[in-house]
Amino acid sequence: QVQLVESGGGLGQPGGSLRLSCAVSGSIFNINRMGWYRQAPGKQRELVASITSGGSTGYADSVKGRFTISRDNAKTTLYLQMNNLKPEDTAVYYCNVVRNWRDYWGQGTQVTVSS
């Protein structure tokens with residue numbers, strides 16, 4: 001089992017920055033991929049950014065150049081640095097870990113971008 005707890009959400013201003021963190025605990029070996037998803041009201045959950053066990057990263061086109069995903073070497077904390085925030089970034093952000101090709105999810109953290 002893997003437990004995920006997100007933090008760092010809140011209110012951000014357009015053009016501003018926020019940093020999300022996800023504490024990973026439990027069975028953290030055999031992790032295939034870690035990532036951040038988001039779900040805005042009335043929309044489907046979408047992949048924002050991911051990082052593989054080898055360190056390769058990927059981003060949704062909408063956040064490329066603005067968001068950066070990273071993790072510590074022990075894979076116990078996942079981060080999402082969000083810069084140049086836009087109102088359309090408003091959503092609940094979820095931490096995701098794929099371990100032995102099974103998905104684990106955090107409870108989500110609200111990010112609201114508004115002036």
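Below is a table of values for the structure above.
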item: Enumeration of residues in the stretch 81-115 that are of a type in the set (S, T, N, Q) and either modelled with pLDDT under 95 or part of a strand (DSSP E or B) (or both); result: Q81, N96, N100, T109, Q110, T112, S115
item: Filter pass, N32 being surrounded by 12 or more Cβ atoms within 10 Å (Cβ to Cβ), part of a strand (DSSP E or B) and not hydrophobic (A, V, I, L, M, F, W, C); result: yes
item: Only one of Y37, Y79 that is among the aromatic types (F, W, Y), in contact with a Ser or Thr (Cβ under 6 Å, 6 or more places away or on another chain) and either under 21 Å from V113 (Cβ atoms) or open to solvent by 60 Å² or more (accessible area, probe 1.4 Å) (or both); result: Y79
item: Meets criteria (within 26 Å of Q1 (Cα to Cα), free of Cβ contacts under 8 Å to residues at least 24 places away in the same chain, surrounded by 13 or more Cβ atoms within 10 Å (Cβ to Cβ) and within 11 Å of the chain's Cα centre (by Cα)) for L47; result: yes
item: Condition check for D61: modelled with pLDDT of 95 or more and among the acidic types (D, E); result: yes
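The values are calculated or read from the model by the stated rules, or taken from the named source; none is laboratory data. None of these values were measured; they are calculated from a predicted model. As a convention, Cβ positions derive from the backbone with ideal geometry for all residues, glycine included, and neighbour counts pool all protein chains shown. Quick note on the areas: whole protein, heavy atoms, side chains included, nothing else; ligands and nucleic acids left out. Shrake-Rupley method; radii C 1.70, N 1.55, O 1.52, S 1.80 Å.
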